[in-house]
Amino acid sequence: MNLSNALLLAVAAAVAAGHPSIRGGSDGGDELRRRLAFPDPPDTCPVLPNLSPYQPCCGEPPCWCDLDAESTSSSDMSSGDIDECPLYPIESIYLSRPDIIEFFASLDLVDGCETPEICQPDLSTSENLDGNSIAPSLLDIILPEALPCDKVRGNKVCGIQFKYGDGPISPSAYVPDCNEETSMRATHYKVKTFRNKNQLNRAGYFVLHEGDCGVCSTAQDLAIYMEYSFGGLTLSQIPGICYQCTVQALLPSYGFNPLNIPPKLLVDELSLCLEGSSTFACPVPQGFGFTEGCATAWAVNTFFTGLPNAVGGCLDKCLKLQSGEDDPYVVETCELHPCLRCDDSVNGDLFEQLAGMTRRGAGLHTVIPRPCGSLADVTHSCVAKMMPI
């Protein structure tokens, strides 16, 4: 069996599994969302206003994060002994701050400035839980025009500079209320990678996220991250819904034979779905949409996760989770489902090379419990200057 046919067996397996969105047409997404419910937290889990039932809490004693993980402290998630649950980083949840989400969504990139282009990631660190790796030649199929990603990583930081009028807005110009009528809000921005935070501060930039800037390092994608990190439909679920909808829509054009669907077409159409501009009736929220580059990064991530185990993917481990038979984590122990652990192993470093900004790297908490201290110490706010520069 050649590589393309082996990879496309992922599509056949998804169809054969009878996923709700494939069986149910345009209404299938609602059924899938209902079945992708997260486990109920323990009764002793501290309650956060307006967040139940989406708040992550697990372990004994119940905690927001995995106390048994190696990383157990950070400046914003620490409050005592390892046996005590850290203070919940409530400031990392922006669902209750639509003003901040709207602020970042409204910004335009400064004329003449561009975010990094999509690149071909280094797959040398990508390996699934069974030790299988994705063939590098696949990148030439799905990203044929992309140049290799910069392999020199390190402890860098991606900065964002806001502009109003003809000049930058100082990092000291935070305002707590984005609707402050007396404030002159920023209208444009640009991003740049710095060696460290000291260099970033001297240049008059804010921290957008830890690590190099990438195709997701935009104000618009940060707004999407904020909006869908918590809620009934999360970023953990949307790519899978788009994947299944795209497969369903493409099958008729290829004689209902998934082996005939070219991998690049599948990735391209999946990217359109994630942008929110799909030509198909994909069940995603009205108005949902990444920028083009970030949608491609998520599409590649989702495609690799959906590959069969034998060729480096996680499909075998994800079918029960996607069908709703399994929970994403074990409440008693905080252990993640094998599908999520496999995705981390396959796509963790790969996705950062492509996207730059991840939710944890941007200081955003999610509904999946993660190691304590793995959340970056980044707080986002609106910025203002009382008069143009």
TODO: Determine which member of the set E335, E352 is among the acidic types (D, E) and more than 19 Å from S229 (Cβ to Cβ).
DONE: E335
Task: Residue satisfying all of: in the stretch 72-122; out of contact with any strand residue (DSSP E or B) (no Cβ under 6 Å at 6 or more places or on another chain) and among the aromatic types (F, W, Y); modelled with the highest pLDDT among these - done: F104
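Where residues in the stretch 235-252 are small (G, A, S) and in a helix (DSSP H, G or I), which of them is surrounded by the fewest Cβ atoms within 10 Å (Cβ to Cβ)?
Applying the first criterion (small (G, A, S)) to the stretch 235-252 yields 236, 240, 249.
Filter again for in a helix (DSSP H, G or I), leaving 240, 249.
On the way: G240: 21, A249: 16.
If we take residues in the stretch 235-252 being small (G, A, S) and in a helix (DSSP H, G or I), then A249 is surrounded by the fewest Cβ atoms within 10 Å (Cβ to Cβ).
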Open item on the list: Just to be sure before I move on: is V378 out of contact with any helix residue (DSSP H, G or I) (no Cβ under 8 Å at 6 or more places or on another chain) and within 20 Å of V157 (Cα to Cα) in the structure I sent?
Closed with: yes
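Of these, D268, D343, which one is farther than 23 Å from T115 by Cβ, in a helix (DSSP H, G or I) and modelled with pLDDT of 90 or more?
Details: D268 fails: farther than 23 Å from T115 by Cβ.
The unique qualifying residue is D343.
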Open item on the list: Step by step: first the residues of the stretch 122-145, then only those that are open to solvent by less than 40 Å² (accessible area, probe 1.4 Å) and of a type outside the set (G, A, S), then the one that is nearest to G293 (Cα to Cα). Which residue is that?
Closed with: L143
Task: Of the criteria (1) outside any loop (DSSP other than H, G, I, E, B); (2) in contact with a Phe, Trp or Tyr (Cβ under 9 Å, 6 or more places away or on another chain); (3) within 20 Å of S229 (Cα to Cα); (4) modelled with pLDDT of 90 or more, which one C294 fails - done: (2)
Open item on the list: Every residue in the stretch 214-234 that is part of a loop (DSSP other than H, G, I, E, B), among the hydrophobic types (A, V, I, L, M, F, W, C) and closer than 15 Å to G363 by Cα, please.
Closed with: C216, F230
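When you go through F256, F194 one by one, which is the residue that is more than 18 Å from the chain's Cα centre (by Cα) and farther than 27 Å from R360 by Cβ?
Values: F194 fails: farther than 27 Å from R360 by Cβ.
Of F256, F194, the one residue that is more than 18 Å from the chain's Cα centre (by Cα) and farther than 27 Å from R360 by Cβ is F256.
Consider A355 carefully, then state whether it is crowded, with 24+ Cβ neighbours inside 10 Å and in contact with a Gly (Cβ under 8 Å, 6 or more places away or on another chain). Write out each step before concluding.
Numbers: crowded, with 24+ Cβ neighbours inside 10 Å: yes; in contact with a Gly (Cβ under 8 Å, 6 or more places away or on another chain): yes.
Yes: the conditions hold for A355.
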- [ ] Kindly indicate whether any position in the stretch 169-176 is part of a loop (DSSP other than H, G, I, E, B), touching a helix residue (DSSP H, G or I) at 6+ places or on another chain (Cβ under 8 Å) and modelled with pLDDT under 90.
- [x] yes
Open item on the list: I'd like to know if the stretch 144-167 contains one or more residues that are modelled with pLDDT of 90 or more and within 24 Å of K317 (Cα to Cα).
Closed with: no
TODO: Pull up the stretch 318-349, narrow it to residues that are open to solvent by less than 50 Å² (accessible area, probe 1.4 Å) and in contact with a Leu (Cβ under 7 Å, 6 or more places away or on another chain), then point me to the one that is farthest from C149 (Cα to Cα).
DONE: G324
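When the stretch 113-144 is examined, which residues are found to be assigned to a loop (DSSP other than H, G, I, E, B) and free of Cβ contacts under 8 Å to residues at least 24 places away in the same chain? Before the answer, list the steps.
Of all residues in the stretch 113-144, those assigned to a loop (DSSP other than H, G, I, E, B) come to 113-119, 121-136, 143-144.
Of everything in the stretch 113-144, those that are assigned to a loop (DSSP other than H, G, I, E, B) and free of Cβ contacts under 8 Å to residues at least 24 places away in the same chain turn out to be E114, S124, G131, P136.
The values are calculated or read from the model by the stated rules, or taken from the named source; none is laboratory data. All values derive from a computational prediction rather than experimental measurement. Cβ atoms come from the backbone with ideal geometry, glycine included; neighbour counts cover every protein chain shown. Surface accessibility is based on the protein's heavy atoms, side chains included, excluding ligands, DNA and RNA. Shrake-Rupley method; radii C 1.70, N 1.55, O 1.52, S 1.80 Å.
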